[in-house]
Amino acid sequence: MNQVKYPLLSLLLAIIPLAFFSCSDEPEAETPLDVDFEVPASMVVSKNADCVFAVKDGKSPLISDLVMMENASGISYEGVLSSVSPERFSVRFPAHMGSGEYRVYLKRGERKKSFGKSDITVVERIISPEEGATVYGFISDSEGEGVAGVQVSDGFEIVTTDADGVYQMNSKKELGYVFYTVPSGYEPQTKGVMPQIFQQTKLGASVSERIDFVVDRVGNQDDYKVVFLGDMHLADRTNDINQFTNITDDINKYRGAHPSDRIYGITLGDMTWDIYWYTRKFSMDEYVATVNSRLSGMTIYHTIGNHDNDYKATNNIDAKFSYRSVISPNYYSFNIGQVHYVVLDNIDCSSYDGTESRNYVEQVVPEQLAWLSRDLEYVDKGTPVVIMMHAPLYYPLTATRFKKDLVNADQLLGVVDGYDVQFVTGHTHKNYNVLPSDDIVGGAKVQEHNVGAVCGDWWWSGYLTPGCLMAPDGTPAGYAVWDFKGKKFSYRYKGCGLDESVQFRSYDLNNVKFSMSDVPELPATSTSAVLSFQRYCVAYPGTQNNEVLLNVWNYNADWTISVVTDKGQSLTVTPVMAYDPLHIAAMSVKRFNSSSVTSAPNFITQNFNHFFKVKAPDADTDLIITVTDEFGNVSVENMARPKPFDIESYRW
């Protein structure tokens, strides 16, 4: 058991050579202050206790002098001298002075003299490092009481705090930080929306340093909501910042409609867009400033995506340097209520060559799998586990079948075997769900929820056709909302600007037609582009024999879809792969219809699952379409036919 000490004198000098400063960097008064004392390069200071400085050459200050600490922001804290001798003097600083780098001054009347800088850590208690511990510290609640049993990790090793809230770790500091797993019944302190769950290490690998964390105790954490935010791709282009404001306004409206609920946010990667870090000067810092200004008061945990890696790097660690410096660890865990959450990084940039080729591999690297195995040792197998990562575990092959998409999917599934796991992923900019009953899963206690993108099709459809921002599969730009009640949960996909009951879109295919006349500016010499657009013309020639197409974007095999005529006749509903007609009209037609097109544009409408067809008796029969999810939520449309197909009738 580590012994926590309560010294009368609370200054603990870091175990590194002291840096001495005696030359002023400011103009001296006509009569120099004949004072000199040592300022260590770093100090650990206990709150509400005296800080002791060693006098040099007997040049002590006066008891009436002040010691002033000024941080990088220009904020100063004045300390009153409580005792002075030829060897040392004691100073009491305000209790609200926080940790940071300070320039130290002696102040006498209107005169002051600089004595150098010190990196000061203000702590609740003084702790001595154990032998071999290179990182140690104290995890306390906001009242200063230690919190026992909290996991602390450097990305390799995991230790826990003792009964007093103290941890000791022999870390090689390979990743340059330590983080803690937020315990159930607590929340991390935040800076803006960013949970303060990690800190950078500052000293050499063999040098012992102290890193503390503070958590806030909360009550009744079993019932809460999580908003999952898929790919954002903020880059200050295609009017994305204004469009993002529409999304965040929708989230804030949802939060306002549920004022008594705890609501947390979790991103699913690609918050930024690496190439535009350089060409648009919009990188991690700009993203943080944007999300802080739009979602104030919301704690948002983050997941790293492929575009959150620096393409100019030449190895996996350097590719993630900016992300790890500004956002969070690229893999970590936390608890909310009775659920354990894990964020994984499945973008391996080991083969990056410093160019835009971005030769990454979608896999969870071995050292991360080893860490995950250690993390789960602290989790009872009766506890639900939610794992966030950017690239998906599975991907649709047909309207009803899936394949494993992660390179080392089997190794990851082996680590989580025996746990009840929900994977939540992004990357595809599409919506789909994989259940234990699906053939590829084989009955294991594993589900995947690939969540549609906040930015839809990289903001293009909303840029070209305002009011129609959607993904290439036709999923409206939006976010997933999960409701937790203890260990049970339900989820829905919330389209931005749409009521949460809206879960599908219908098309009367008799009136949906595309032809090459829709893109008169497309050069006939652009063969690949012409062939690409012709797929839409073949899919929707305008003679569809009374078929109706449904896009049920958050569908899974436990949902039911019923289509009944106004005369009570039940129609057969058939799953199909399809192109979303509205996305073709709102985005793809406009992208192809340009004289500058030399090949098929990016982000165009894609053939995907979660579509269904029914054949009506004739062109005029009205239909009642009912979609029911596995939680009993019902979405209904009374479809009056013939139903026109034009952008204005669908715009939201």
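The values are calculated or read from the model by the stated rules, or taken from the named source; none is laboratory data. Since we're looking at a predicted model, the values are computed, not measured. No Cβ is skipped: glycine too gets one built from the backbone with ideal geometry, and neighbour counts run over all protein chains shown. Calculation scope for accessible area: heavy atoms of the full protein, side chains included, ligands and nucleic acids excluded. Shrake-Rupley method; radii C 1.70, N 1.55, O 1.52, S 1.80 Å.
Quick notes on this one:
- Note on segment 402-511: antiparallel DSSP beta bridges, both residues inside, total approximately 70 percent of the bridges counted.
- Taking the inverse of the mean reciprocal distance over all distinct Cα pairs, the Kirkwood hydrodynamic radius of the chain comes to 27.8 Å.
- Distance histogram in 5 Å bins (all Cα pairs of segment 325-401, percent per bin): 3, 12, 19, 19, 19, 12, 10, 5, 1, 0
- Other residues whose C-beta falls under 9 angstrom from the C-beta of Val548 contribute a net charge of +2, scoring Lys and Arg +1 and Asp and Glu -1.
- Rounded to 5, the percent of DSSP beta bridges in the chain classed as antiparallel: 75
- ³J(HN,Hα), Karplus 6.51/-1.76/1.60, whole Hz, each residue of segment 625-632, x for Gly, Pro: 9, 10, 10, 10, 7, 6, 9, x
- Segment 537-652 gives an Rg/Rh value of 1.00, both radii derived from C-alpha positions and Rh following Kirkwood.
- Per-selection Rg to Rh, segment 154-218 - Cα, Kirkwood hydrodynamic radius: 0.96
- Taking every alpha-carbon pair under 8 Å whose residues sit at least 6 apart, segment 185-255 reaches a relative contact order of 28 percent.
- Cα-centred dipole magnitude for the chain, charges only on beta-carbon of K, R (+1) and D, E (-1), debye, nearest 20: 720
- Over 30 Å apart at the Cα level, from the set Lys403/Lys567; Lys47/Lys117; Lys567/Lys590, are Lys403/Lys567; Lys567/Lys590.
- Average accessible area per residue (Å²) across segment 384-451 - probe 1.4 Å, nucleic acids and ligands excluded: 32
- Charge tally in the Cβ shell below 13 Å around Arg591, where Lys, Arg are +1 and Asp, Glu are -1, Arg591 excluded: -2
- Distant-in-sequence amide H partners of Asp270 (H built 1.01 Å from N, under 5 Å): Gly305, Asn306, His307, Asp308
- Using θ = phi - 60° and Karplus 6.51 cos²θ - 1.76 cosθ + 1.60, couplings along segment 600-609 (whole Hz; Gly, Pro as x): 4, x, 7, 6, 7, 4, 10, 6, 8, 7
- As a ratio to 2.2 N^0.38 Å, the alpha-carbon radius of gyration for segment 439-563 is 1.33.
- For segment 215-223, 3J(HN,Hα) per residue [Karplus equation, 6.51 cos²θ - 1.76 cosθ + 1.60, θ = phi - 60°, Hz, x = Gly/Pro]: 10, 10, 6, 10, x, 6, 8, 5, 9
- In units of the rule-of-thumb radius 2.2 N^0.38 Å, segment 110-187 shows an alpha carbon radius of gyration of 1.36.
- Using the alpha carbons alone, the radius of gyration of segment 585-652 stands to its Kirkwood radius in an Rg to Rh ratio of 1.08.
- Rg(Cα)/(2.2 N^0.38 Å) for segment 223-270, N = residue count: 1.29
- Here's how it looks for Val122: its modeled amide H is under 5 Å from those of Val45, Ser99, Gly100, which are all 5 or more places away or on a different chain.
- Within the same chain, lysines fewer than 8 places from Lys488 are excluded, and of the rest, those with a Cα less than 27 Å from its Cα are Lys225, Lys253, Lys381, Lys404, Lys430, Lys445.
- Nonlocal amide H pairs with Phe89, under 5 Å, H built at 1.01 Å: Phe53, Val55
- Where only C-alpha atoms are counted, convex hull volume of segment 537-577 per residue in Å³: 105
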